[in-house]
Amino acid sequence: MTPVLTLQGLTKTFPNGTMALKGVDMAVMPGTVHGLLGANGAGKSTLIKILAGAMPPSGGRIIWRGEDRRWSGPAAPKATGIATIYQHVPLVPTLSAMENMLLDRGGMWRGDRAMQAKVLAALADMGDPFAADALVQDLPIGKRQMIAIAAAIAADAQLIIMDEPTASLAGDERDNVYATIRRLKAEGRTVLFISHFIDEIMALTDTVTVLRDGRAVLDARTADLNETDIADAIAGRSVAALHRDGRVRAFGDMVLDVQGLASPTLAPTDLSVRAGEIVGIAGLLGSGRSELLHAIFGADGAAQGDIFLNGVPVQRRTDEAVMAGIALVPEDRAKQGYVPLLSLADNIALGDDLGMMQAPGRERAEAEAAIARLAIKTPGPDALPTQLSGGNAQKVVIAKWLKDRTRLLMLDEPTAGIDIGARTDILRLVRQLADDGLPVLLVSSEFEELIAICDRILVMRDGAVVAQVDPAAISETDLILAAGGSRAAFSEGMMA
C-alpha cells in the first residue's frame with residue numbers, strides 16, 4: 001500500500017537559529033489512524049503548522065497523494081483535502097455553528113444550500129451533537145471541538161489532522177470524538193491524531209510516531225508496542241548536571257493547607273505543603289495543573305473551597321494571597337511575569353507591598369543583590385527584561401517574589417523555553433530555597449525535573465489529583481504512564 005502522506009528529511013530552522021525539526025521521516029497510510037506523540041518542545045506543533053500551510057519547512061519533502069507539495073498558505077492544503085483541527089478551535093462566538101463551518105467557503109456561503117446540506121448530514125452522522133443554528137458562544141468547549149470536526153467531514157477532507165482534540169474535554173465528549181475517529185477510518189479517511197494521552201493512542205491508532213528533540217525516534221505499528229515502549233521513547237533524556245542527591249530531609253510544620261478547592265475545571269482538591277518541602281504537580285495538557293495554582297492564588301473567581309496559610313484562612317483574591325505571602329511565577333513570563341517597559345530594578349520591586357513605591361536607593365540595592373544571588377546575566381539593574389535571554393528573564397520574575405514576606409512559592413513551568421544551563425541554575429535555586437525552609441509547589445511538563453528535585457509528586461488528570469508518588473521510587477517512564485492514563489500504572493500498584 002502506498003502512503004497517502006510521506007515526509008522525507010523535513011527540517012525547520014527559525015531565524016533565531018532554533019532547529020525545531022531536524023530531518024523528520026514519516027509515512028501515513030490511507031484509511032488509518034496515525035498517532036503522533038512527543039514531550040513539549042519535541043516539534044509536534046511545528047510539524048502540524050507546516051502540514052497545515054501555516055509556515056514553510058526549511059528543507060525536506062512533503063509528498064501528498066504522490067505529489068511533492070510546497071504550500072504557500074493554509075488555503076492550499078485545504079484545497080487538496082487536508083483539514084487541520086487545532087486544540088484551540090478558532091471560531092467566531094457571535095455566529096452560529098453552521099455559519100462557522102461555512103466561513104472559509106468564500107462567496108455567498110450563507111445561501112449555499114448544497115454545503116448546508118453537507119453540514120447537516122455530517123452532524124447527523126455524528127449523532128447531532130448540537131443544533132446547527134446554535135450560537136458558538138452558547139456551546140461548551142467539547143461542542144466547539146465537534147464543530148471543527150463536522151466542518152472537516154462536510155468539506156470531504158481525506159486527511160484530518162487533530163491536535164490534542166480531547167485535552168479539554170469531559171469523558172462523554174471524549175467518547176464522541178473517539179466514535180467519530182473510528183467512523184472516519186471506516187469510511188476510508190485518514191486521521192493524524194496528536195495526543196499526550198498514551199491510553200487513547202493505544203486504543204485508537206494503527207501506527208505511532210514519537211518525536212523527540214525534533215526527530216522521529218519511534219515509528220511502529222501500535223499493535224507491536226506497549227505503553228512503556230511509547231513512554232520510554234518520549235522520555236529518552238535527563239536534566240544535565242542535576243540528579244537526586246539522596247538526602248533525607250526533615251520538613252517543618254504545615255504551611256499550606258487546601259481543603260475542598262474546586263471550580264468548573266477542578267474537582268474538589270485537598271493538598272498540603274510543609275516548610276522546606278517541594279511538592280511537584282505532574283500532568284499533561286488540560287490536566288488542571290495551572291488551574292490549580294491559579295485557584296490557590298485567588299485568580300479564579302469561580303473557585304470554591306478553603307485555603308489556609310500557617311493556619312490562617314486566606315481569602316480567594318490575588319491581593320489577599322499576595323498580602324498573606326503566596327507568590328506565583330506564571331507560565332507565560334512575557335505576558336504575566338514582568339512589565340517589559342520597566343527596568344529590572346522596577347520589576348523586582350513589584351513584589352514589595354503590592355508594587356508600592358519605595359526609596360530608589362533601596363530599590364536599586366535590592367535589585368543588585370538579587371542579580372548577584374541569582375547570577376542574572378545583565379548589563380545592570382537599569383536594563384529591560386526584554387534585553388535578557390529567556391533564562392535570565394525568568395530569574396527576574398523569580399527574584400520579584402524572593403522577599404521576606406513570601407511564605408509559599410508556586411512555580412508554573414519555570415524552565416519552559418530556556419537553555420539547559422539556565423534550567424539547571426533555576427532548579428538548583430528552587431531546591432536551595434526549599435532547603436532554607438520555603439515551601440514550594442512546582443508544576444512542570446518536564447517530568448525528569450520533578451523527579452530530580454521534588455519531595456512528593458501529585459499526578460493530575462481531568463482536573464483532579466489522581467495519585468501521589470514518591471519521586472525517589474518512580475521512573476520518568478512510569479510517571480509519563482501515570483499522567484497519560486495508563487491503567488497498568490495504577491493496577492500494578494505503582495501509585496501510592
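The values are calculated or read from the model by the stated rules, or taken from the named source; none is laboratory data. These numbers come from a predicted model, not from an experiment. Positions of Cβ are backbone-derived with ideal geometry, glycine not excepted, and every protein chain shown enters the neighbour counts.
Residue count for segment 284-325 under the criterion of being in contact (Cβ under 8 Å) with a residue 40 or more places away in the chain and on the phi > 0 side of the Ramachandran plot: the result is 6. Residue count for segment 381-412, restricted to those that are among the acidic types (Asp, Glu) and either more than 23 Å from Ala324 (Cα to Cα) or touching a Leu at 6+ places or on another chain (Cβ under 6 Å) (or both): 2. Here is a check on your reading of the model: is Ala42 in the same structural domain as Leu225 (by TED's automatic domain parsing), part of a strand (DSSP E or B) and either among the basic types (Lys, Arg) or over 17 Å from Gly81 (Cβ atoms) (or both)? Spelling it out, it is not the case that Ala42 is in the same structural domain as Leu225 (by TED's automatic domain parsing), part of a strand (DSSP E or B) and either among the basic types (Lys, Arg) or over 17 Å from Gly81 (Cβ atoms) (or both). Of the candidates Ala150, Ala155, the single residue that is buried (at least 19 other Cβ atoms within 10 Å of the Cβ), in contact (Cβ under 8 Å) with a residue 24 or more places away in the chain and under 29 Å from the mean Cα position of the chain (by Cα) is Ala150. Only one of the numbered conditions (1) crowded, with 22+ Cβ neighbours inside 10 Å; (2) assigned to a helix (DSSP H, G or I) is not met by Asp172, and that is (1). Out of the residues in segment 125-145 that are in a helix (DSSP H, G or I) and modelled with pLDDT under 85, state the one that is surrounded by the most Cβ atoms within 10 Å (Cβ to Cβ). Looking at the filtered set, the residue picked out is Gln145.
Which pairs turn up if I take residues in segment 88-102 that are without any contact (Cβ under 8 Å) to a residue 12 or more places away in the chain and look for partners that are aromatic (Phe, Trp, Tyr) with beta carbon separation below 9 Å, at least 6 apart in sequence or on another chain? Close Cβ pairs satisfying both conditions: Glu99/Trp109. Of the set (1) within 22 Å of Ser287 (Cα to Cα); (2) in contact with a Lys or Arg (Cβ under 6 Å, 6 or more places away or on another chain); (3) at pLDDT 80 or above, all apply to Tyr178 but (2).
Criterion first (buried (at least 20 other Cβ atoms within 10 Å of the Cβ), out of contact with any Cys (no Cβ under 7 Å at 6 or more places or on another chain) and assigned to a loop (DSSP other than H, G, I, E, B)) does Gly380 satisfy it? When the stated conditions are applied, Gly380 does not pass them.
The set of residues in segment 177-199 being farther than 26 Å from Met1 by Cα and either surrounded by fewer than 19 Cβ atoms within 10 Å (Cβ to Cβ) or free of Cβ contacts under 8 Å to residues at least 12 places away in the same chain (or both) consists of Asp199 alone. The residues in segment 71-102 that are among the β-branched types (Val, Ile, Thr), part of a loop (DSSP other than H, G, I, E, B) and over 24 Å from Ala134 (Cβ atoms) can be counted, and the count is 1.
Going through (1) farther than 25 Å from Thr222 by Cβ; (2) assigned to a strand (DSSP E or B); (3) in contact with a helix residue (DSSP H, G or I) (Cβ under 9 Å, 6 or more places away or on another chain) one by one, Arg61 falls short only on (3). When segment 366-377 is filtered for residues that are assigned to a loop (DSSP other than H, G, I, E, B) and either touching an Asp or Glu at 6+ places or on another chain (Cβ under 9 Å) or closer than 18 Å to Lys335 by Cβ (or both), the ones remaining, listed by number, are Leu374, Ala375.
So which strands (runs of 3 or more DSSP E) stay within segment 228-335 end to end and still have 2 or more residues that are surrounded by fewer than 19 Cβ atoms within 10 Å (Cβ to Cβ)?
Numbers: elements: 254-263, 266-274, 278-283, 304-309, 326-329.
Per the criteria, 254-263, 266-274, 304-309.
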